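Worksheet: one structure, shown below.
Every read-out reported here was derived from the displayed coordinates using simple, explicitly stated rules and does not represent laboratory data. Computed from a prediction, not measured in an experiment: that's the story for all the values here. Cβ sites come from the backbone with ideal geometry, for glycine too, and all protein chains shown count toward neighbours.
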Amino acid sequence: MKLIVIGLYFLTTSVWGFNHDHGAYSKVLKSHVVRKGPQTLVDYKELKKAPADLDSYIVSLGEISKKEFESWSKDQKLATLINGYNAWTLKLITKNYHVTSIKDIGPFYSTPWKIKFISWLGEKVSLDDIEHNIIRKQFKEPRIHFALVCAAIGCPSLQQEPYLPKELDHQLEKASKEFLNDKNKNRAEVTGNKLNLQVSSIFNWYGQDFGTREELIAYIVKGMGLTEIDKSKRVSVSYLDYDWSLNEKK
């Protein structure tokens, strides 16, 4: 009887044992992501040479079953999907290194985001599937746009720690403010009774995720810390060119 109980214990932990501290991925971030001013950069060259932790993490993601995933809390699901998206993107870059931009990857008639190279819940899916069909569709959390990193300078910074269920709200808020206050990506200028916002193209592509135009502007203004702005000021919004060059440490 004791042997049966022990056997069942190990069977259960192997099937249901995804580690929500994302330990292997944490090692990748600590070893290969460096900060340079407001931006973080990735040492893809060294990551390609030492892929064991990244590969181990990606394997663990591929072993998650639908039943297991559905048993998790909302924050466990979202944290795993964000970390997974970023880890799969790292793998896509290292597999195709020395590219100078993620947009150089993939067939000429498609994009890297449509390549179905990801094993997820028993299916082969793409980065677009993860972002648009799962994360955006199911979670309705606009701050994911400051957490999902597309391996470009114009993207939000890849954080040096994984997103964790118990800290997720705080981490998303931190990533949001960090991105909004990066002057290379978002700028604000007050001239007379006018507020001129020059913001990332992310807000052009996904502005609807933040609500109405007024709600989007309010979100940006608050995130930039412009709390003293008179609401009577006229606001103009323009979008900065997106820098698709690789977010690589050189």
Query raised in the report: How big is the antiparallel share of DSSP beta bridges in segment 187-239, given as a percent to the nearest 5?
Result: 45
Query raised in the report: P(r) tail for the chain, what percent of Cα pairs lie past 34 Å?
Result: 22
Query raised in the report: Using the C-alpha gyration tensor of segment 187-239, what are the square roots of 5 times its eigenvalues, in whole angstrom, with the largest one first?
Result: 18, 12, 10
Report task. Let me know the whole percent of all Cα-Cα pairs from segment 82-150 that are separated by more than 17 Å. Result -> 42
Report task. Based on a Kirkwood Rh over C-alpha pairs, give the Stokes-Einstein translational diffusion coefficient of segment 34-129 at 25 °C and viscosity 0.890 mPa s in µm²/s. Result -> 167
**Report entry** DSSP beta bridge pairing in the chain, given as percent antiparallel to the nearest 5
**Finding:** 65
Report task. Beta carbons within 10 angstrom, averaged per residue: use that to sort the peptides 28-37, 108-117, highest first. Result -> 28-37, 108-117
Report task. Give me the aspartates and glutamates in straight-line cross-link reach of K140: C-alpha distance below 14 Å, same-chain residues under 8 apart excluded. Result -> D75, E131, D169, D209
Report summary line: Placing each pseudo-label 7 Å from Cα in the direction of the beta carbon, D55 and T227 end up separated by a distance in nanometres of 5.0
Query raised in the report: Relative to the present Cα-Cα distance, how much length would full extension add between E70 and S119 at 0.36 nm per residue of separation?
Result: 16.0 nm
Query raised in the report: In degrees between 0 and 90, to the nearest 10, how far off the longest principal axis of the chain does helix 168-180 point, with axes built from Cα atoms?
Result: 40
